[in-house]
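Working notes for the structure below.
The values are calculated or read from the model by the stated rules, or taken from the named source; none is laboratory data. As the structure is a computational prediction, the values presented were derived from the model and not from experiment. Cβ: placed from backbone, ideal geometry, glycine included. Neighbour counts: every protein chain shown. The protein model used for the area step is the full one, side chains on, heavy atoms only, and it has no ligands, DNA or RNA in it. Shrake-Rupley method; radii C 1.70, N 1.55, O 1.52, S 1.80 Å.
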Amino acid sequence: MAAQGNGNRMLLEYAAPAKQWVEALPVGNGRMGAMVFGGAARERIQFNESTIWTGGPHSYARAGASRHLGEIRSLLFAGKQREAESLAQVQFMSAPLRQRTYQAFGDLTLTFAGIDSSAVTDYRRLLDLDSAVSTTRFRVGTVTYTRRVFASYPARAIVMQISADQPGAVSFSVTPTSMHASHRRVRMGTDQLSMQGMVENGVISFDARLLVRADGGNVTLGDTIATVTGANSATLVLAGATNYVRYDDVTADPIATNTRVIAAVRMRTWNQLLAAHVADHQALFGRTSIRLGEQPVGAAGYTDDRVRKFREGKDPQLAALLFQYGRYLLIASSRAGGQPANLQGLWNDSNTPPWDSKWTVNINTEMNYWLAEPANLAELATPLFDMVRDVAETGRATAKEMYGARGWVLHHNTDIWRGTAPINQSNHGIWPTGGAWLTQHLWWRYEYGGDTRFLRDTAYQVMKSAARFFVDNLVVDPKTGRLISGPSNSPELGGLVMGPTMDHQIIRALFANTARAAEILGVDRAFRDTLRTMGARIAPNKIGRLGQLQEWLEDVDDPKNEHRHVSHLWGLHPGDEITFRGTPDVFAAARTSLEQRGDGGTGWSKAWKINFWARLRDGDHAYRMLETLLTLVEGTRTQMAGGGVYPNLFDAHPPFQIDGNFGAAAGMIEMVMQSVSGEIELLPALPSAWPSGRITGLRARGGFDVDLEWMDGRLQRVTITNRLGNATRVRYGDVVIELKPAKGKVVLNARLMPGS
């Protein structure tokens, strides 16, 4: 039932089947995902495939929109915001106005003969994060039934084994169904069912293929149902595919794709499939371990009960579980060859999901990937980089048609067809720095890994083209003579304006990173000089009348405003231009702004605030934000609440949105280790709730691996592995140690770090 992962049992565990989707347990291989409900007499496996979307290849850029850009800016400079928004809504928005929608794929419904739910005893349902296997086990009379489900990246399929501890006791029927009306089911040979169809209002065709194998007993197939009788065990393999190749190509053959997948699976036994899956998963998951306090996870009870009791402060390992769950979910929803994790990661049971389950790039998509580099999962950002390359292509038309600019631009959302134009409403949709923000992740890949080939072949041209757009698009503020961005907004607050603070922080970072990349590669000297000159002319951060960091050019911040977005603190996190030692006045103003904005908000907002408070070096406040996230949200999945987690630990935005899971895990790293300003800082925001702990396998900028151990609130031991041979500073409180530029391992303990 349970594996020992990194010395801790990393389990989500429950005493009853899931009644709602947000109680089911997720498995995924980066392309296919499933939610396992764990029913005894009747089981539901709801599944997804990442390319099932409405719509088809399409350019969203509005031709000729740039003719109206000057007038929109003039209206904004004249203080006529409503007139500017009205003009923009008609003349400067995406065509069509909305992007497309991620879809559910289908369900497997299993009905078991001879099992009466009222007679079930010793029921356990769990998800083992270390092996990425969901297990359901229970007894009926003298028979113990075990079901195991995993989503295999090597096999490109979802695999389920149904077994009993007595021979011939496994009998059930399984039916695949789909929410898409066009689907049809076809028997293929003696052991496969195919469910084929097309997404309504689109061009995506799909095939789900179910292979049914039994050890002993009989397998009988009809056109819509497979039946297993009298078996010792049975194995189900579910493959899924569509005709999607990329945003401008839908020529794949899903039936042929699944035929190849099933042919490969036929050559493997259940044990071989399981072993390959576990080895693949653990090669990623096992890189990092965490222990907070001394209490073993298994001693604390079922996961939903643990969340209910978390504020009692006796279960620090629940926070460790949430951290590793974030890493697990990223492994499950973002693998090479698939799509990046969207608003719900990979998991979705609706054809009208919240916010279309797209990629919202004014915080949410980026938050999904804050974890990748420092949590030692760098290669999981590959699908994100693939998407960035796509929108850099489609964004060229948007830059040209809508801004008359070179380069590329992406606004606050994109979909599988890689729309880049502003959508929905002008007061929040016109925000041109989404693509610029995404390039931060390209730069991070180089900062953490030092891969010059990646910088040259993948990152630099995308970064350069994004920067070129803003070279063309920045305008002079007639009041100050500074360069400013606009029309834009401060997501998603205050309407259409010129010169929001967040834009300027992002653009300064883009210019600096691109210039540095050009310098490293020894190219484009004139362009990097242009970027540095223009970057210095961009309107700076300003401290307002209330001691706050201004969100806009004007000093109009409302201290009673508790909006979920705190966009103007981007320079504090995930940016690094606002620091404790480098910009103390702006640092203090950022704290004032965060205090005024309050501790409320949706799940992702609270997760971002964990990171903010960690950067502000206030570990206890960061921990309070973590406590508010680890609050159980019960009732219906759409029930509005102040953020928290559902019983399966999914972020209750509400409704479900996965960024809070990823953001919280990233924030926990920031609490114990930060690597900005050319140094590695240890325990910069350690909360009093974690007096002792150990975390291994973190990564720091510059090519360093970091293992930490502390006791009684004080650092005991740190091991730093220098992979690239770079020099750095290691800081603990007021103690700073210079590490020389040499590859190898350095171990520092309390005796070598005075004051620790």
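Rg then Dmax, both in Å and based on the Cα atoms of the stretch 468-536: 13.3, 42. The tail of the calculated P(r) for the stretch 381-471 beyond 15 Å holds 56 percent of all Cα-Cα pairs.
For the stretch 23-174, the Stokes-Einstein estimate of translational diffusion at 4 °C and a viscosity of 1.567 mPa s comes to 66 µm²/s, using the Kirkwood hydrodynamic radius over alpha-carbon pairs. On a 0 to 90 degree scale, rounded to 10, what angle separates helix 460-473 from the longest Cα axis of the chain? Tilt relative to the chain: about 50 degrees. Working note: 222 nm ellipticity from helices only, DSSP H runs with n ≥ 4, each -39,500 (n - 2.57), summed and divided by the residues of the chain, gives -9000 deg cm²/dmol to the nearest 500. Compute the helix-to-body angle for 525-537: its Cα long axis versus the longest principal axis of the chain, expressed 0 to 90° and rounded to tens. The answer is roughly 80 degrees.
Take each of the peptides 76-85, 598-607, 180-189, average the number of other beta-carbon atoms within 10 Å over its residues, and list them starting from the highest. Walk me through the numbers before you get to the answer.
Values: 76-85: 16.4, 598-607: 22.8, 180-189: 14.3.
Listed from highest to lowest mean packing, they are 598-607, 76-85, 180-189.
Tell me, what is the percent relative contact order of the chain, built from C-alpha pairs under 8 Å that lie six or more residues apart? About 12 percent, as a whole number.
Over the stretch 190-239, what is the relative contact order in whole percent, taking alpha-carbon pairs under 8 Å and six or more residues apart?
Details: 95 pairs, mean separation 17.6, N = 50.
Relative contact order, the stretch 190-239: 35 percent.
Summing charges over neighbours of ARG532, with a neighbour being any other residue whose Cβ is under 15 Å away from its Cβ, gives +3 when K and R count +1 and D and E count -1. In degrees, nearest 10, range 0 to 90: what is the angle between the Cα axis of helix 317-333 and the longest Cα principal axis of the chain? Taking Cα atoms only, the helix is inclined about 90 degrees.
What ratio of Cα Rg to 2.2 N^0.38 Å holds for the stretch 646-756? Intermediate results must be reported in sequence, preceding the final value.
Details: Rg = 15.8 Å, N = 111, 2.2 N^0.38 = 13.2 Å.
Taking N as the residue count of the stretch 646-756, the ratio is 1.20.
Plainly put, the stretch 114-172 has a radius of gyration that is 1.03 times its Kirkwood radius, both from alpha-carbon atoms, as the Rg/Rh ratio. Taking only protein heavy atoms and a 1.4 Å probe, the accessible area of the chain is 49% carbon and sulfur.
Rolling a 1.4 Å probe across all protein chains gives GLU23 an accessible area of roughly 40 Å².
A Cα-only calculation for the chain places Rg and Dmax at 26.3, 84 Å. Building the convex hull from the alpha-carbon atoms of the stretch 173-229 and averaging its projection over directions returns 3.8 nm².
If the chain linking LYS19 and GLN282 were pulled fully straight, counting 0.36 nm for each residue of separation and taking away their Cα-Cα distance, it would gain 91.7 nm. In this structure the chain gives 34 Å² per residue of accessible area when probed at 1.4 Å with all protein chains present.
Its convex hull of Cα atoms gives the stretch 508-651 a direction-averaged projected area, equal to a quarter of the hull surface, of 11.2 nm².
Could you tally the net charge around MET195, taking each other residue with its Cβ under 12 Å from the Cβ of MET195, Lys/Arg +1 and Asp/Glu -1? Provide the component values of the computation, followed by the final result.
Numbers: positive: ARG184, ARG185, ARG187, ARG209; negative: GLU49, ASP107, ASP207, ASP223.
That sum, taken over residues with Cβ under 12 Å, equals 0.
Extension gain for GLN461-SER692 works out to 78.6 nm (0.36 nm per residue, less the C-alpha to C-alpha distance). Rg then Dmax, both in Å and based on the Cα atoms of the stretch 85-139: 24.3, 67.
Set the Förster distance to 51 Å, then compute FRET efficiency between LYS80 and ARG184 from the Cβ-Cβ distance, nearest 0.05. It comes out at approximately 0.35. Extension gain, ARG453-ARG406: 0.36 nm per intervening residue step, less the Cα-Cα distance, totals 14.4 nm. Greater than 21 Å separation of Cα atoms is the criterion. Which listed pairs, LYS19/LYS606; LYS560/LYS606; LYS560/LYS609, meet it? Over 21 Å Cα-Cα: LYS19/LYS606. For the stretch 495-571, the alpha carbon convex hull comes to 101 Å³ per residue, rounded to a whole number. Using the Stokes-Einstein relation with a Kirkwood hydrodynamic radius computed over Cα pairs, the translational diffusion coefficient of the stretch 139-293 at 10 °C and a viscosity of 1.306 mPa s comes to 92 µm²/s.
Sorted on the mean count of surrounding Cβ atoms within 10 Å across their residues, most packed first, peptides 149-161, 305-317 read 149-161, 305-317. From the C-alpha coordinates alone, can you work out the Kirkwood hydrodynamic radius of the stretch 198-240, in Å? About 12.2 Å for the stretch 198-240. Note on the stretch 240-379: Cα-Cα pairs beyond 24 Å make up 53% of the total pair count.
Peptide packing for 617-628, 497-508, 275-286 was compared via the average number of neighbouring C-beta atoms within 10 Å per residue; ordered from the highest value, the list is 497-508, 617-628, 275-286.
Tell me, Kirkwood radius of the stretch 1-96 from alpha-carbon pair distances, in Å?
Values: mean 1/r = 0.0529 Å⁻¹.
Here the Kirkwood hydrodynamic radius works out to 18.9 Å.
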